[in-house]
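Here is the structure we will look at.
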Amino acid sequence: MFLVGLAALLVAPMLAHAGGAAEDSVKLSWTAPGDDGAIGAASLYELRISATPIDASNWSSATLVPGVPAPRSAGTVQSFNVTGLTNGNTYYFAIRAEDDAGNWSGLSNVLRWDWVVDTAPPAAPGGVTVTRDPGDVHVHWSPNAEPDLAGYTVYRATSSSGPYTALNGSLLNTTDYYDSTVPSGTSQVWYEVTASDQSANQSARSGAVGVTLTTTGTATAGADWSLETGYPNPSSLSSPVTIPVVIPASGGAGGTIVITDDAGHQVRQLSLAGLSSGRQLVTWDGKNDAGRDAAPGVYRVSVMAGGARSTVRLVRVP
């Protein structure tokens, strides 16, 4: 497969699979370009079909396919069912996009559909590493190279031999996963990762990689001070976050919640002075110390009192 991009647009390789297709149809998938390189969204798609290979010289004579969805944000995987085909005939497809200034991209890769269903799974992900972060466990792996890759699934077990349970409901499109749901009291955890393609073929699992948790649960507890993961999590910028904090018998004198961004910069500090002992609910309104809304991203929430520190992870989305 190859890709030609012109002007400011970029059309990623288009792929086909027969998952969910009827006998007279095929499902095409492609990655949305941007309006300006990899930024924004294009304005319009043209999808064309032909009985012979499509190129720039015969593009206009290929048949225009109606009903193609509007472009979405750059990098989004889009799909469309083309119906009314004759099973056994060979078809060729290509797509291009137009930006808001009327510039057209070059052709995508030209797809040949001959009714051969893709049953080959991706390779098992490699390079899996597992590290214990404050408040969660970070699982990382090397990206797969398959052009029709759809995403990844992370599995966890409390024994290297399993059983393993899938942690993410929908496929991940990154090579990082932060597990903040390790059951309290767990001393060791193991992880495996699989890859799936656009035809719903799933790879074999990666080798199991484990990590020892030297603390109880997913938070680093000290002197009975501890945090529970805030909720909702993820949370929208328009929503406050409730942060449960457990305060020891001495009360909240001198206790502080510090919220930092993923780079370690302090965003907000909340005093716990005056709170009684036990489980208390503290609200973060989503603003920084200057009173402005914090940006979307990953945040670390730490409660600190004397030498004690407990940390959990929050995610804020637009």
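Just so it is clear, none of the values below were taken in a lab; they were calculated from the coordinates. Remember, it's a predicted structure, so these values are computed and weren't measured experimentally. Please note: Cβ atoms are built from the backbone with ideal geometry, for glycine as well, and neighbour counts cover all protein chains shown.
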Legend entry - Cα-Cα pairs of region 117-201 separated by more than 15 Å (percent): 58 percent
Legend entry - Under-5 Å amide H pairs with SER277, H placed in peptide plane, nonlocal only: GLY251
Legend entry - Order by protection proxy (mean Cβ within 10 Å, highest first), peptides 190-196, 23-29: 190-196, 23-29
